[in-house]
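The values are calculated or read from the model by the stated rules, or taken from the named source; none is laboratory data. What you see is a predicted model, and the numbers here were worked out from it, not measured in a lab. With ideal geometry, Cβ positions are generated from the backbone for all residues, glycine too; neighbour counts draw on all protein chains shown. To get the accessible areas, we keep the full protein, side chains included, count just its heavy atoms, and leave off ligands, DNA and RNA. Shrake-Rupley method; radii C 1.70, N 1.55, O 1.52, S 1.80 Å.
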Amino acid sequence: MTKIVKLTDRIRYLQMSYEPLSADVVAVRGDSAWWIFDVGACDEAVDFINALPRSSESSTHLDTSECIKNATVPLKKNIVISHFHRDHLLNVVRHCNGEVSLDFDTLYVGSHASKVVGEIAGHEKITVSSPLSFDDVVHIEILPIPNSHAKGSLALIVDDFVFLGDATYPMVGHGEPDVYNVQILEQQIKMLKSLTASRFCLSHKRGLVRDKSSVIQFLESVLARRQKNENYIVA
């Protein structure tokens, strides 16, 4: 059975599962919206997202110049898909096919995931090609990230956390060795170093959260194995 883990008072996640293979699903509570990173592929992930409350108590809410304590404020549900692989976005596809009902308002996707999903009746879909930033008590950034694993991938930054999905993983060889693209890996390391957040979160890892320096150190160790005139590094 999958487990829900609390990272902070505002961040929780449903751990990944193997049968079916389903990515970690992260839920971040802002003051105006839930920010959900990936939707997984299992029924438990659908239940987790649908159970996120549509309202939240605010300690102070201004109404006609009077302060009303513990007022209820509505919360939207915004989903950010890391990339187009089934274990990360299948439940959106299942929703579109009428197999499940997924409760959300806006979907943020990269270019390749956008093609997989298509149009979604009754929901706003935003294809992200450049960084987006939101202040919702927590600071939110959605940004494309260069990676060998899947084209059109997105990362989600929430204050000091960077949710990377599978972006630090190699290209899956499907019978051939898994590999990193040298040029893309160099771009990724440069980008990750530029981020001020210190906690990197990698999907499919028990515990999810890693120290920024350890992730970059690992990627640099992979890059150090590159061979002259070779475009790929075997993972």
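Just a few scattered comments:
- Interatomic Cα distance distribution for the range 99-193, bins of 10 angstrom, percent: 14, 39, 33, 13, 1
- Helix-only CD estimate at 222 nm, as mean residue ellipticity for the chain, using -39500 (n - 2.57) per DSSP H run (n ≥ 4): -6500 deg cm²/dmol
- The range 1-41: C-alpha gyration tensor shape, a/c 1.5 cut-off, then a/b vs b/c: oblate
- Rolling a 1.4 Å probe over the protein heavy atoms of the range 130-235, with every protein chain left in place, gives an accessible area that is 51 percent carbon and sulfur.
- The alpha-carbon atoms of the chain, seen along their principal axes, cover 69, 39, 34 angstrom, with the largest extent given first.
- For the chain, the per residue solvent-accessible surface stands at 50 Å², with DNA, RNA and ligands left out and a 1.4 Å probe.
- Counted over all Cα-Cα pairs of the range 163-202, pairs farther apart than 14 Å make up 55 percent.
- Summed side-chain charge close to Val215 - residues other than Val215 whose Cβ falls under 12 Å, Lys, Arg +1, Asp, Glu -1: +3
- Where GluC sites (Glu not before Pro) fall in DSSP loop in the range 166-235, at most 15 other Cβ within 10 Å: Glu230
- Cross-link pairs Lys6/Lys77; Lys6/Lys76; Lys3/Lys115; Lys125/Lys193 - those with Cα-Cα distance over 28 Å: Lys3/Lys115; Lys125/Lys193
- Calculated FRET value between Gln227 and Ser32, using beta carbons and R₀ = 45 Å, to 0.05: 0.35
- Against the criterion of solvent-accessible heavy-atom surface with a 1.4 angstrom probe, Thr8, Thr127, Thr106, Thr72 sort, most first, into Thr72, Thr127, Thr8, Thr106.
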